[in-house]
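These notes are about the structure you will find just below.
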C-alpha cells in the first residue's frame, strides 16, 4: 500500500526519534547504514521531509538530521501525505473508478472498516507515540543486527 520511499521515510523518522535530539544530529549516511536503505535515495527523502518540516537539520561539521519537539508531534499520516499523497487511501480496493458507501464494490464492506482503522491509527499516532511503543515492546525498524536463518 505504501511506496518504498514512504516506508523509508517512516523508518528514518522513527530511527531519528529514538537516536537523535537537538544536541545529537545524525547524518544521512549513518541512518541509511543502520536502516539498510540506499543512501542517496534516503538523503533526498530526508531533504524532502526537512522541507515539509517533518524533520529538522543543520549543515556543517556538526550538522545532520534530528527531531525537535514539534517534529516528534507529527503523525505517520503527515509523513504519508508528504511522500505518497493520500490517493491510495481513497481508491477502490478492486480498482473501480467509483466506490463508496452508496456505490460499493463487492469487497467494500470488508475493506472499508480496515481502511478507516488504518487511517485513524496513522492520523492519531505521533512519532513520539511510536517511539515509546518501540521502546516498550521491542519492535524493530531494521533487521540489520538480526541473524538470518537459512531454511
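Nothing in this text is a laboratory measurement; each read-out follows from the coordinates by a stated rule. The structure displayed is predicted, hence computed values, not measured ones. Positions of Cβ are generated from backbone atoms using ideal geometry, with glycine treated the same way; all protein chains shown enter the neighbour counts.
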Cα-based helix-to-principal-axis angle, 108-124 vs the chain, degrees rounded to 10: 30
Applying 1/(1 + (r/R0)^6) with R0 = 35 Å to the Cβ-Cβ distance of residue 100 and residue 52, what FRET efficiency is obtained, to the nearest 0.05? 0.75
Checking rank on 113-123, 19-29, 71-81, 5-15, with mean other Cβ inside 10 Å and highest first, the result is 5-15, 71-81, 19-29, 113-123
Rounding to the nearest 10 and keeping the result within 0 to 90°, find how far the Cα-based axis of helix 127-137 lies from the longest principal axis of the chain. 80
Given R₀ = 30 Å, what would the calculated FRET efficiency be for residue 134 paired with residue 110, taking r from the Cβ atoms and rounding to 0.05? 0.50
For Cα extents along the principal axes in Å, the listed values are (1) 55, 27, 23; (2) 65, 30, 24; (3) 57, 43, 30; which was obtained by calculation from the structure presented? (3)
Mean separation of Cα contacts under 8 Å (6+ apart) over length of the chain, as relative contact order %: 28
Note: residue 21 to residue 41 extended length (0.36 nm per residue) minus current alpha-carbon separation gives 4.9 nm
In degrees, nearest ten, helix 39-51 long axis to first principal axis of the chain (Cα): 80
Take 37, 58 and order them by how many other Cβ atoms sit within 10 Å, fewest up front. 58, 37
